[in-house]
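Each remark here refers to the structure printed beneath this line.
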Amino acid sequence: MHHFARRTAGFTAVLAAAGLVLAACGDDDKGDSAKTGMASMTGMVTSALSPGTSAGATTTRAEGSATTTTGTAAAEGTKIPTPGGEISVDGDIYKKYVQLGGPTGTLGLPLEVEEKAPEDGEYQDFAGGTIYEAKDGEPHIVWGEIRKAWEDNGGAQGKLGYPVSDEKDIPGGKQSDFTGGTITWVDGTITVTPKS
């Protein structure tokens, strides 16, 4: 329920911002500014969620919105406006973030910029969880009670190592797989199973 509340709050903030833009544009006698305001908001949400596909890097920004830079895979990313200022989300972590709905998805807003993790990996914290990526691996999400158990066992530096799967449904709960084992959450009980 906690993640639902975060998503709802994020969605409500986007709707409130849209209302403010439309209200600020509402004093035009012809009514065209309301259409312009809505187009601006549509561009803002679209730019925050759209991955880049062009060969040359381009930057798009609607007033008060996310700045999206598109181009080569290494240059893909966006800057998300947050209460603490704009925060960049880039590369493979950006692609994973977009797959999950970006700022209005399950992860919500970024909390900080991408950081280095053990053994040349990377991670970035979001309101709803964290995306981790090993040096030669794929990005995966760790969140909730499974994340707490993983961190209690040393996180990426511990015996479990990096995640190799996103959380998945299993009978009665959830499971995440790591290079060194598995963590399950079944009927409210966490079980950490290292590989033998």
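The values are calculated or read from the model by the stated rules, or taken from the named source; none is laboratory data. Because the structure is a prediction, the values reported are computed rather than measured. Cβ sites come from the backbone with ideal geometry, for glycine too, and all protein chains shown count toward neighbours. Quick note on the areas: whole protein, heavy atoms, side chains included, nothing else; ligands and nucleic acids left out. Shrake-Rupley method; radii C 1.70, N 1.55, O 1.52, S 1.80 Å.
Once segment 134-165 is narrowed to residues that are among the β-branched types (Val, Ile, Thr) and open to solvent by less than 30 Å² (accessible area, probe 1.4 Å), the residue that is farthest from the chain's Cα centre (by Cα) is ILE146. Taking GLU138 as the residue in question, decide whether it is over 23 Å from PRO81 (Cα atoms), of a type in the set (Asp, Glu) and in contact (Cβ under 8 Å) with a residue 24 or more places away in the chain. So GLU138 fits the description; yes. Kindly indicate whether any position in segment 125-133 is open to solvent by 30 Å² or more (accessible area, probe 1.4 Å) and without any contact (Cβ under 8 Å) to a residue 60 or more places away in the chain. Scanning segment 125-133, I find no residue that is open to solvent by 30 Å² or more (accessible area, probe 1.4 Å) and without any contact (Cβ under 8 Å) to a residue 60 or more places away in the chain, so the answer is no.
Taking each residue of segment 141-163 that is closer than 16 Å to GLY129 by Cβ and touching a residue at least 24 places away in the same chain (Cβ under 8 Å) and looking for partners that are part of a helix (DSSP H, G or I) and of a type outside the set (Ser, Thr, Tyr) with beta-carbon atoms closer than 6 Å, six or more apart or interchain, yields VAL142/TRP150; ALA156/PRO118; TYR162/ALA156.
A Cβ distance below 6 Å, combined with a sequence gap of six or more or placement on separate chains, defines the contacts here; from segment 95-121, residues that are within 18 Å of GLY85 (Cβ to Cβ) reach residues that are part of a loop (DSSP other than H, G, I, E, B) and small (Gly, Ala, Ser) in the pairs GLY108/ALA127; GLY108/GLY128; LEU109/ALA127.
Say whether the condition of being assigned to a strand (DSSP E or B) and under 30 Å from GLU86 (Cα atoms) is met by at least one residue in segment 165-187. Within segment 165-187 (the criterion being assigned to a strand (DSSP E or B) and under 30 Å from GLU86 (Cα atoms)), the answer is no, since none of the residues qualifies.
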